[in-house]
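The values are calculated or read from the model by the stated rules, or taken from the named source; none is laboratory data. Please read these numbers as outputs of a predicted model, since none were measured by experiment. Methodologically, a virtual Cβ is constructed for each residue, glycine included, from the backbone with ideal geometry; neighbour enumeration extends over all protein chains shown. In case anyone asks, the SASA skips ligands and DNA or RNA and just uses the protein heavy atoms, side chains included. Shrake-Rupley method; radii C 1.70, N 1.55, O 1.52, S 1.80 Å.
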Amino acid sequence: VSAQPDGYTLGFVWDGPLTTVPHSLNVSYTPDSYVSVMSFGYSAYTICARSEFPAQNAEAFVAQLKQNAGNYTLGLDSVGGTMHLAAVRVFTKLGVNVRFVPYGGATEVLKGFLSRDVDFYGSSIAPILPQITAGKAKCMLVTSAASNPALPQTAGLDALGLGSEATVLWWGVIAPARPIIRPVVSVV
């Protein structure tokens, strides 16, 4: 992000380095350091339970969490990352209390979930898909407003009346910002 604009330098990024990282780490760039070039796409995050979890849909999931406030753990792919912020936004609006357990990425969350160190998986969709196919997991909700094509049976936040709280992982291309050219003023 600190490159000089040369017409050739581009960066392919996801949301985290531009949205959440500057709030938790000392970075050398600001939003004025780059310009958006194009968006490649986005995907929701998901919260999944093991197949034997009693809830079968988002509404029942929320009811179960409220009924057992503070007794469940949600594995997250980072502290202060997009999934963490999405979960806090949604659970705060719903009045739900879960304990967050941060891991070092989606693969680590999945390991913690499968080993039963945490009750729920909270991260990207792709890593959990094989567990859903194998019947070991079921996803309760996705963090987008609508359902996600990869998990059509899983409710989006619209189903809970929280579509405005949607949070997604996105990818895009950025370029170094053009320098601000100021006219030279000479005083005689």
Among A55, L10, V173, whose Cα sits farthest toward the positive end of the charge dipole of the chain (+1 at Cβ of Lys/Arg, -1 at Cβ of Asp/Glu, about the Cα centre)?
A55
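Restricting to region 1-158, what percent of DSSP beta bridges are antiparallel, rounded to 5? Write down the numbers at each step before the final one.
Numbers: 11 of 19 bridges.
Approximately 60 percent, going by the DSSP bridge assignments.
R0 = 25 Å: FRET efficiency of L94 with A150, Cβ-based, nearest 0.05? Provide the component values of the computation, followed by the final result.
Values: r = 23 Å, r/R0 = 0.94.
Efficiency at R0 = 25 Å is approximately 0.60.
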Here the residues of region 146-162 lying in the modelled label zone of L129, meaning backbone nitrogen under 15 Å from a point 7 Å along Cα-to-Cβ, are 148-154
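Expected output is a single nm value to one decimal: the length gained when fully extending between K136 and N57, i.e. 0.36 nm times separation in residues minus the C-alpha distance. What is it?
Numbers: separation 79, 0.36 × 79 = 28.44 nm, distance 1.60 nm.
The K136-N57 span can extend by a further 26.8 nm.
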Treat every Asp and Glu Cβ in region 35-107 as -1 and every Lys and Arg Cβ as +1, leave all other atoms uncharged, and give the resulting dipole magnitude about the Cα centre to the nearest 20 debye.
160
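In whole percent, what relative contact order does region 82-188 give with Cα contacts below 8 Å and a gap of six or more residues? Walk me through the numbers on the way to the answer.
Details: 85 pairs, mean separation 22.2, N = 107.
Normalised by residue count, the contact order of region 82-188 is 21 percent.
Ignoring ligands, DNA and RNA, what percent of the accessible area of the chain is carbon or sulfur (1.4 Å)? Could you put the intermediate results ahead of the total?
Numbers: 5980 of 10450 Å².
Summing carbon and sulfur atoms, their accessible area is 57 percent of the total for the chain.
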Taking only protein heavy atoms into account and a 1.4 Å probe, give the accessible area per residue of the chain in Å².
56
Using Cα-Cα distances under 8 Å and only pairs 6 or more residues apart, what relative contact order does the chain have, in percent?
36
Go through region 1-109 and name the GluC sites (Glu not before Pro) that are in a DSSP coil and have 11 or fewer other Cβ atoms within 10 Å of their Cβ.
E52
For the chain, find the longest principal axis of its Cα atoms and tell me its angle to the long axis of helix 58-67, 0 to 90°, nearest 10.
70
Most mobile listed residue (V88, V98, V35) in the chain, GNM with C-alpha springs under 10 Å:
V35
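Please report the projected area of the chain's Cα convex hull averaged over all directions, in nm². Don't skip to the end; give the middle numbers.
Numbers: hull surface 55.8 nm².
Seen from a random direction, the Cα hull of the chain projects 13.9 nm² on average.
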Note to self: C-alpha centroids of region 135-170 and region 1-79 sit apart, in Å, by 14
Dipole magnitude (debye, nearest 20) for the chain, charges at Cβ of Lys, Arg, Asp, Glu:
160
